[in-house]
1. Considering only the range 99-115, how many residues are open to solvent by 40 Å² or more (accessible area, probe 1.4 Å) and either touching a Lys or Arg at 6+ places or on another chain (Cβ under 9 Å) or of a type in the set (Phe, Trp, Tyr) (or both)?
2. State yes or no: is residue 90 open to solvent by 90 Å² or more (accessible area, probe 1.4 Å) and either closer than 28 Å to residue 142 by Cα or within 24 Å of the chain's Cα centre (by Cα) (or both)?
3. Take residues that are within 21 Å of residue 56 (Cβ to Cβ) and over 24 Å from the mean Cα position of the chain (by Cα) and tell me which of the strands (runs of 3 or more DSSP E) falling wholly in the range 102-170 contain 1 or more.
4. Under 8 Å between Cβ atoms, at least 6 apart or on separate chains: pull out the pairs that start in the range 11-33 with a residue that is of a type in the set (A, V, I, L, M, F, W, C) and end on any residue that is in a loop (DSSP other than H, G, I, E, B) and at pLDDT 80 or above.
5. Within the set of pairs 6 or more residues apart or between chains, which connect a residue that is farther than 18 Å from residue 151 by Cβ inside the range 90-104 to a residue that is open to solvent by 40 Å² or more (accessible area, probe 1.4 Å) and assigned to a strand (DSSP E or B) with Cβ atoms less than 9 Å apart?
6. Does the range 45-65 contain any residue that is at pLDDT 80 or above, surrounded by 10 or more Cβ atoms within 10 Å (Cβ to Cβ), β-branched (Val, Ile, Thr) and part of a helix (DSSP H, G or I)?
7. Pairs only if they're at least six apart or on different chains, beta carbon under 7 angstrom, first in the range 49-72 and within 17 Å of residue 111 (Cβ to Cβ) and of a type in the set (Asp, Glu), second loosely packed, with under 10 Cβ neighbours inside 10 Å and modelled with pLDDT under 85; list them, first residue then second.
Amino acid sequence: MENEDNVELRSEKVRKVIGRIPPLLIRAGTAVISMLVIGIIWGATRIHFPVTINGQGSVHNYECMDTTFYYANIDIPYKYLYMFYDQKRIYKVTFEGLPDNVYYTSKDTPKIDANVKEHDGEKFFTIFVRIDNSWARQNRLKMNQGAKAITVISDKTIWNIVFHKQPSSS
């Protein structure tokens, strides 16, 4: 019983070694944690988090003075209407019947019809994405051919999103 209560069984050298944290372990741990924090900050400032909106519609053509104009009439959920005014966006439009790697990229500002349409209980507005005539003829687009469009609304980094900062123009 006496031996169990005696805490002072170790020599001075053993107590010194046990009571001290090895300096190499401290330096290595600090370095690893620092590298992780730097890596997370670097990733947050470099990795982009795009926010996109998808829509579906169909192809329509309009003839005016012996010229045919092709448009993809795309229905977008109405809750996003405010994001489309006064904003120049790039639209990637894919078409039914064409391979997925064949798509049209429109950089023009589309016309917007803000009238409410309702499909299956959900409300939509329509954008008219102009399609280049030569591209439409080359890919043999037809009236009422299905179309899907995607546009990037925001392409901020995670850092910009968290700290609400505008990306710098570079």
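1. Residues in the range 99-115 being open to solvent by 40 Å² or more (accessible area, probe 1.4 Å) and either touching a Lys or Arg at 6+ places or on another chain (Cβ under 9 Å) or of a type in the set (Phe, Trp, Tyr) (or both): 6 in total.
2. Spelling it out, residue 90 is indeed open to solvent by 90 Å² or more (accessible area, probe 1.4 Å) and either closer than 28 Å to residue 142 by Cα or within 24 Å of the chain's Cα centre (by Cα) (or both).
3. Details: elements: 103-106, 111-119, 122-131, 146-157.
Those strands (runs of 3 or more DSSP E) span 111-119, 122-131, 146-157.
4. Taking only residues 6 or more apart or on different chains, not a single pair turns up.
5. Going by the 9 Å Cβ cut-off, the qualifying pairs are 96/148.
6. yes
7. Pairs that qualify, where the first residue is within 17 Å of residue 111 (Cβ to Cβ) and of a type in the set (Asp, Glu) and the partner is loosely packed, with under 10 Cβ neighbours inside 10 Å and modelled with pLDDT under 85: there are none.
The values are calculated or read from the model by the stated rules, or taken from the named source; none is laboratory data. Please read these numbers as outputs of a predicted model, since none were measured by experiment. In this analysis, Cβ positions are derived from the backbone assuming ideal geometry, glycine residues included, and neighbour counts consider all displayed protein chains. Side chains are part of the model used for accessible areas, which takes the heavy atoms of the whole protein and leaves out ligands, DNA and RNA. Shrake-Rupley method; radii C 1.70, N 1.55, O 1.52, S 1.80 Å.
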